[in-house]
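Read the structure below first, then the notes.
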C-alpha cells in the first residue's frame, strides 16, 4: 500500500496494468475515470514499472487474449497473445489478493482474475453466439442482466446494463470462491463476485468502456473510496463487468444516442 501520510484528503493512488503501447486509449480512458472519482492513476506495464507497494488499489485493464496455457488449453489459430503482460498482471493480482487490496478488472482483467483463482475460459465464443453478435465494437450492442441481490447490482443501482464486445474469450469454469451474478442474452458470464463475505474490495470486468455513466461512476467511485479507507470494508466485491468510460458517454460525447445510456 502507498505509505500513510495522516492526511485523509490524500488522493488514493490506483495502479493500472495494461499494454505497453505508446498510444493506449484504454489507459487514457481509465486514467480520466480514476481522476473523476478522486484518485490518481499510475500506469503499469512491461515498459512502465511502478512499485506495487506504492499504490492503494489495482485496476487490471483489457486487451489481448489470455494465453490458454494458463488454464490448460492450446493456442487458438490467429489469436494474439502477450505472455509477458500475462505474467506481470498475474503477479500483481496475486499480490493484491494476498494483501486484500481493492482491485478492479476490466475485460481481460476479469478473465485473468478468474484464471488466477483457478478458473478457465472459453477460447473462442463466436460460433456459440446465437442471440447476439460478437462484432468487435466499443458501442454497447449487448445487454447484461444482473442478479438482483448481487453487489454489482447494488453498486451500479441497475438490474441490467448495456455492454460492448471487443474480444472472443469468456469465462467458462469459475475460479475458487466466486459466483455468477450477470449474464448476457446468450448466457455467457458477464459478472462474478465472491460466494461469501471477505475483506477488501475487488472488481473484475468483461466488456469495457461503454456503460451508463452512473454505473461507471459508481464502480470507479467505489474503488477509490475503498482505497482511501485505512480499515478494509467488511465485504469483498469481486464484481466482473464493463466499467470506466466517462468520456465515451454524454455529456462528453453528445453525439452518442441517449438510449445507449439506459441501464
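All of the numbers you see were taken from the coordinates with simple rules; none came from a lab. Everything numeric here is computed off the predicted structure, so don't read it as measured data. Reconstructed Cβ throughout: ideal geometry from the backbone, glycine too, with neighbour counts over all protein chains shown.
Can you sort 122, 80, 92 so the residue with the fewest Cβ neighbours within 10 Å comes first?
Result, fewest neighbours first: 80, 122, 92.
Measuring how big segment 88-130 is from its alpha-carbon positions, Rg and Dmax come out at 12.6, 41 Å. Applying the Kirkwood pairwise sum to the alpha-carbon positions of segment 89-158 produces a hydrodynamic radius of 14.8 angstrom. Pair-distance distribution P(r) for segment 43-169, from all Cα-Cα distances in 10 Å bins starting at 0: 11, 37, 37, 15, 0 percent. For the peptides 105-111, 48-54, the ranking by mean Cβ contacts within 10 Å, running from highest to lowest, is 105-111, 48-54.
Highest first, please rank the peptides 187-193, 29-35 by the mean number of other Cβ atoms sitting within 10 Å of their residues. Mind dumping the intermediate values first?
Details: 187-193: 24.9, 29-35: 22.4.
The densest-packed peptide leads the list: 187-193, 29-35.
In this simple spin-label model, placing a label point 7 Å from the Cα along the Cα-to-Cβ direction at both residue 23 and residue 124 gives a separation of 2.9 nm.
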